[in-house]
Amino acid sequence: MSCSIFNSAPFQAISFSHESPAGQMVQILLVKGTWALSSGRLAPPQRQAPIWMRDETVALGALDLDPVQRQVIAGREGQAWLRYESDLVPPKPRFDLIINAWVQRKGRTFFELPGAVDFQGQRLLSLNAFAPRIWGSGVLSPIIKAAKAPVAKVPAFNVFAFGGPANRAVAAGSGAQKPVAERKHWPANQDGMGYCTEAMGVAGVALPWLETPGRPIRQWNDRPPVAALGHASRADQPRRALQGTVNKESSALPADFDPRYYNAAPPELQLLQRPRPGDKVELLNLSRDGHCAFGFPSVTLQAMGEERGGRRHAPAPLHWDTLLIEPEEDRACLVWRAQLADPGRKLAGFTLMIEPGPMA
């Protein structure tokens, strides 16, 4: 059940009921604001991003890819990439930096290019992007065959990082999937590419397009860390383990449920402390211009709940816990959340207030 909201802020807002881990019924108030990355200014109402009520996926075949990249994903075009995870979750215990970006450099093509995410001058995550490479037959063991052509950009998402089902790939351009003896999935990234369990049949398998610096793939049986931006899948480790021991006969959260399950960013991009106004996130080689940044604005939100009988609650603060940056869309979205007790489901509405101050 949702409550009515008198919204005096220039943002999207919604409320929804939620059962806490302790079994108590609460109301979650969620607010989302959108800024233009290029100017750092608050986006006008018509450009405010929507609140995602459910997961939104995109087929790999719909992504902007070069011909050589399309050859390598032949047979995977219908595979879904999770572009947006539903916003309808309670406050997150850590701050999520979720970045939907492509590794690129000012329109120039490349065979290999680094990308990075910095916060307050500290490097949080680095990755190397590659034009498509495949395994070839060697005298003693498979060898890496260099890319046939450079590419303009590489999607920095987990579907192109190490993982996937065993030996899931095709010889470049063939469009015919190779038979495999087993279909195990790499538990840290079941949707990825390049996971092999035996040397036989490796020839023609595509290597991941993304790697962690200092952890390059050299042998067919290497097991590198997952190097990716975007969302970490709920089905993959370590996030999956945070769900706890699920009882299929009960809708209640497991006793060993860990609220960090709600955090959707890769572990490297989950901040233990909430950013402060003026803090800056910078992206290297993850936008058309090669560099873009977002500075956290000076915005303070409060909400006052009101019960059906007219009784008003004391104003409660909302705290931001998610930043979504999309350089291709020239936007950054901040999400605030507040959890308010609602015993007996008496809350009827909220008044959302924004304290005076600059928006950019």
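The values are calculated or read from the model by the stated rules, or taken from the named source; none is laboratory data. Being a predicted model, the structure only gives us computed values, none of them experimental. As a convention, Cβ positions derive from the backbone with ideal geometry for all residues, glycine included, and neighbour counts pool all protein chains shown. Side chains are part of the model used for accessible areas, which takes the heavy atoms of the whole protein and leaves out ligands, DNA and RNA. Shrake-Rupley method; radii C 1.70, N 1.55, O 1.52, S 1.80 Å.
Quick notes
- The condition of being on the phi < 0 side of the Ramachandran plot and without any contact (Cβ under 8 Å) to a residue 24 or more places away in the chain holds for only one of Pro327, Pro254, Pro238, that being Pro254.
- Selection over the range 136-155 of residues that are open to solvent by less than 10 Å² (accessible area, probe 1.4 Å) and either assigned to a loop (DSSP other than H, G, I, E, B) or at pLDDT 95 or above (or both) gives a count of 3.
- Residue match in the range 210-232 (condition: open to solvent by 80 Å² or more (accessible area, probe 1.4 Å), among the basic types (Lys, Arg), part of a loop (DSSP other than H, G, I, E, B) and closer than 20 Å to Leu97 by Cβ): no
- Cβ pairs under 7 Å, 6+ apart, first in the range 50-67 and surrounded by 13 or more Cβ atoms within 10 Å (Cβ to Cβ), second at pLDDT 95 or above and among the aromatic types (Phe, Trp, Tyr): Trp52/Tyr84; Asp55/Tyr84; Glu56/Tyr84
- Ala101 within 30 Å of Gly305 (Cα to Cα), touching a residue at least 40 places away in the same chain (Cβ under 8 Å) and buried (at least 18 other Cβ atoms within 10 Å of the Cβ): no
- Scope the range 2-45; condition hydrophobic (A, V, I, L, M, F, W, C), assigned to a strand (DSSP E or B) and in contact with a Leu (Cβ under 9 Å, 6 or more places away or on another chain); matching residues: Ile5, Phe6, Ala13, Ile14, Phe16, Val26, Ile28, Leu29, Leu30, Val31, Trp35
- Residue that is nearest to Phe119 (Cα to Cα), among those in the range 245-274 that are acidic (Asp, Glu) and exposed (fewer than 15 other Cβ atoms within 10 Å of the Cβ): Asp256
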